[in-house]
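Below is one structure, written out as C-alpha cells; comments come after it.
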Ligand code: UDP
C-alpha cells in the first residue's frame, strides 16, 4: 500500500477559487493517492463564496480574514498568522497555491518557514514590471523562488522560469486550469434544467438579444484607477452613442475608485447596462453570449479564447502575451481614441473580427488538472526512492 500524500489547497480570492476548483475535483477523484484539506483565507468574501458554491467545493477551514478597507499589510499579517495555525493543524506533505495573490504568496512563504513543499499552479507568468500588475508581479516572482513544483501553463511561462534559473526538473508544462474550469462550468450551465436556471441569467436573457451585438466590459486593476478608468469610460460612451445596435454590459467592481467614475460617466446611457459584479455562473454565460470583450482582467484574457471571443486588453502590460502575439487579443492601453478605433474595427469589419477568432487556444486543452495530479504522484514517488 502506497503512503497517501497529504495535500493542502489554499486560496482566498475569486480567480484562485476558479482556477483551483478543477484541481480539487481531480484530487478528489484520486482518493487512493491523496488526502485533501481545503483552506480558504477569505481574502475576498462574497465573490469567492459564489465560486465555491458553483463548483460545489467544501473548504475544511475558513479563516474569514476579510475586513472592510484593510491595507495590504494588514491582510498580510493576518494571513501569515492564520496560515501558520493551518499548517500546524493539517501538517501537509505539500501545499498548492495558485497564481499571484497575497494569499498565494504568503501561504507559500509560511510553508517555507515550516519546511513544507509548495506546488505553484500557474507558475511563470511575468510582465517584468514590478509595479504592474501590483502587487501580483512581485507575489508570483517570490512564489517561484519558494516553490518545489512549478505548474507552468504555457511554453512561454516555462521559458521565463528557466531563464530565472529554476530547476528544470521541477517545471511541468500543464496548460492553464482556467480552461478546465470553463469547460466544466459551461457543461454545468448547459445541463441545468430551465427551472434551476440562475436568476441573474434569466435577467441577462432579457437584455442580450440576437439582433444586438453584446460587448462585455470588466475593469478592476489598481493601476487603472484615476485617469485610465475615465479614458476607457469615455471611449465606451462615444462608441455607444454611435452604434445603437450594440449593448455594452459592464459588471462594475465595487471598489469606489472604480464604481464612482464609471457610474458618473456611463450611468443613464440607454445601451450601456451597469451591473454589480456577477457571479461566475452568469458571467460565464454572458462571456459565451458576447460578441467581444474589453477587459483588464488576467483570467478573462485566458477564458475568452476558450470561448472564441476577441479581447481588447485595456492595460499597458500583460503577462498573457501568448494571445496578443497570436492576434486573439490586442493590448491597447487606455488611450481613448485607440480604444474607440479598435472597437469600431471589430464592429465594422467582419474579416478583422474573424481573424481574431481563427486560432487554437494558447492557454490549454482542459487537461491541466490531470497533469498536475500525475506530476504530484510522480514527484512523491521520486522523493520516496
Ligand atoms: N468574473 C466573474 N464575475 C465578474 C467578473 C469576472 O465571475 O463580474 C470571473 C472571470 O470569469 C474570471 C475571474 O473572475 O475567471 C477573474 O477575476 P478578476 O478579474 O477579479 O482577477 P484576475 O483574473 O485579473 O486576477
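The values are calculated or read from the model by the stated rules, or taken from the named source; none is laboratory data. Everything numeric in this text was worked out from a predicted model, so none of it was measured. Glycine also receives a Cβ, built like all others from the backbone with ideal geometry; neighbour counts cover every protein chain displayed.
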Restricting attention to helices (runs of 4 or more DSSP H) lying wholly within segment 1-99, give those where 1 or more residues are away from the ligand (no atom under 16 Å from the Cβ) and touching a residue at least 12 places away in the same chain (Cβ under 8 Å). 14-29, 72-90
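Residue-wise test of (1) assigned to a strand (DSSP E or B); (2) in contact with a helix residue (DSSP H, G or I) (Cβ under 9 Å, 6 or more places away or on another chain); (3) within 15 Å of the ligand (Cβ to nearest atom).
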residue: 112; (1), (2), (3): no, yes, no
residue: 119; (1), (2), (3): yes, yes, no
residue: 129; (1), (2), (3): no, yes, no
residue: 144; (1), (2), (3): no, yes, no
residue: 166; (1), (2), (3): no, yes, no
residue: 172; (1), (2), (3): yes, yes, no
residue: 178; (1), (2), (3): no, yes, yes
residue: 189; (1), (2), (3): no, yes, yes
residue: 195; (1), (2), (3): no, no, no
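Sort out for me the helices (runs of 4 or more DSSP H) sitting completely within segment 288-385 that have 1 or more residues that are farther than 20 Å from residue 179 by Cα and modelled with pLDDT of 95 or more.
Numbers: elements: 298-306, 321-326, 336-348, 350-356, 368-384.
Answer list for segment 288-385: 336-348, 350-356, 368-384.
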Here the residues within segment 215-233 that are outside any loop (DSSP other than H, G, I, E, B) and surrounded by fewer than 18 Cβ atoms within 10 Å (Cβ to Cβ) are 222, 223, 227, 230
Among the residues listed as 180, 200, 190, the single one being more than 20 Å from residue 373 (Cβ to Cβ) and buried (at least 18 other Cβ atoms within 10 Å of the Cβ): 200
In the set 276, 281, 303, which member is out of contact with any helix residue (DSSP H, G or I) (no Cβ under 7 Å at 6 or more places or on another chain), near the ligand (Cβ under 9 Å from one of its atoms) and within 30 Å of residue 196 (Cα to Cα)? 276
Return a yes/no flag: does segment 290-299 have any residue that is within 10 Å of the ligand (Cβ to nearest atom), farther than 23 Å from residue 344 by Cα and either surrounded by fewer than 21 Cβ atoms within 10 Å (Cβ to Cβ) or under 23 Å from the mean Cα position of the chain (by Cα) (or both). yes
Residue among 175, 165 that alone is on the phi > 0 side of the Ramachandran plot and within 22 Å of the chain's Cα centre (by Cα): 175
